[in-house]
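Below: the structure, in structure tokens.
We did not get these values from a lab; they are worked out from the coordinates using the rules stated. Note that the structure is predicted; figures quoted are calculated from it, not measured. Every residue, glycine among them, receives a Cβ derived from its backbone with ideal geometry; neighbour counts consider all protein chains shown.
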Amino acid sequence: MLPNNKMNKINNSLVRYITANPYFKKPLRDHPQGSLLFINTCFNTLLNSSHHHHSYRSFFSKKTSSDSDRVYIVPNKGTQVMSWGQNNEGQLALNTFGIDKLSSPSFIDSYWFHEKTVKKISCAASAQHALALTEDGFVYAWGRGAEGQLAQDNNHSYAAPVLIDPKYFNSRPIVDIQCGGYHCAAVDDEGRLYTWGFSGSPFNRSALGHSGFNIFGFGSSPLPKQVEALKGEFVKQVACGDYHTGVICGPKDSTETSQVYVWGKGEWGRLGLGNSDSKALPTPLDMYEDDMENGGTKKTIFTKIRMGKNYSALIDSNGKLYMFGRHDAQQLGMESLRPSQFDCESTPKLIPRFVESDIKVRDVALGDSITACVTQDGRGFIWGKNVYLPHEVNFGKGARVIECSAGRNHVAFLPTNRRSIFTMGGNWYSQLGTTGQHGTQDVIKLTPQLVPGKKLQVACGNAFTLALIDLERKTTTTQEDDDDYMGVAMIGPDGKSIPL
């Protein structure tokens, strides 16, 4: 059996095979000589290493053009991050750029997070980078860094998570993170906002919200900096698009008032200010509604803000969904009389179908030009990519969903039991976590695909997917429990299962 700690060498004679197929229906290998089959070059020092901080939780694989022969050892407890899909910029955190893609989920070794517990992950529809936030408020970044979005004082890409120096956050714990297409944002425990990454060009206004440009190379600001224009405000939530950013501010312990600020590129009305003007600094976005009790109007209280490539969304305290920005692929979920290539809405608009049916929205996810949402009663809808109006997704067996995410051409939903992940859409880089092509460039396939996994969060990027998995569960599965495939065990020389 593999030791839990201080592993210097694996005695291959003790290993018959490891159940490593991510679908865990059958053991991946049954080697006649009883040896450990493949070791990933990322961790090839592990077998003969004196670095005792490694443990069996590191994963192993064969570096090939296909990942069908991957072998890894799954951690037996705790919260872990998994990744799959495209890896051209190291966005899967495999510690190598040599693997082009993975068609099945793989664990990101917790060593890179210094064995800290990750509580949130973030990536964006156009992003080839990602962020992770730990329970004690540290932020890690990996993937593409050409625009300085990894906050490493350079423009390098990293194929494994790297810690962002806490000094850039005034050594305060971070409580929220968000990736945009080419920039990032973080909020500390005192409600201060920090941004970094792409800092503007003659064609695109900076989405960082800083006064003036902090140029590093061409158009990047790789060190996190506090957004001074929001001093005195308590930032409760942040959202990032490709070239625009928005926040919801308000009293820390109250939901009775809110103030929305937006800034960055204004093309297609994505800032919701009634025009296409860009804004370098945070600009208030206010809306008013009829006050049925007192007469007149009252300010709308918004509880959530979300941003996609070139459009945005707000959810108010009554569960009403407002959309604005570009509408060329029907991503706003409403009809229009204008030619689609020029279609946009420059002020927040309610989605007619949801108003007519009194559908209350829990959350919404904005991708490149595809939108997904979950309602307060657990239904899931998608629209965009030429699905003209919100289309309810049939998840089967009366399943209900609680969370969603949208990437460039794919979306994902978490069911309320948090035991599986539903994915649908384009699968050119295996971002659905399944083999084969699903969907086309024009039409999103509405049949959900089950991705092995359990629990906490899913995040869709450009052509890759991340999931936050809770492994505090049983280690084997049965046919009756077929939709939770994450059980794993090691098979000993006597053929018996040994839980890790």
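Taking a Cβ cut-off of under 9 Å around P222, the surrounding Lys, Arg, Asp and Glu residues balance to a net charge of -2, with basic ones at +1 and acidic ones at -1. Spin-label model, D358/D377: points 7 Å from Cα along the beta carbon direction are separated by 1.0 nm.
Potential lengthening of the chain between H391 and M292 amounts to 32.5 nm, from the contour at 0.36 nm per residue minus the alpha-carbon distance. When you count the other C-beta atoms within 10 angstrom of each residue and take the mean per peptide, 230-243, 277-290 line up highest first as 230-243, 277-290. Ordering 78-88, 297-307 by mean Cβ neighbour count within 10 Å, with the highest value first, yields 78-88, 297-307. What shape does the range 78-470 have by the C-alpha gyration tensor, where a ≥ b ≥ c are the square roots of the eigenvalues, rounded means a/c under 1.5, and otherwise prolate means a/b greater than b/c and oblate the rest? Here the range 78-470 falls in the rounded category. Modelled spin labels at S340 and K252, positioned 7 Å past Cα toward Cβ, are 4.8 nm from each other.
The modelled label-to-label distance for the pair I402/S171, using points 7 Å beyond Cα in the direction of Cβ, is 3.8 nm. Pairs spanning more than 20 Å between alpha-carbon atoms, out of K309/K385; K320/K349; K299/K349; K265/K320; K119/K455; K236/K309: K265/K320; K236/K309.
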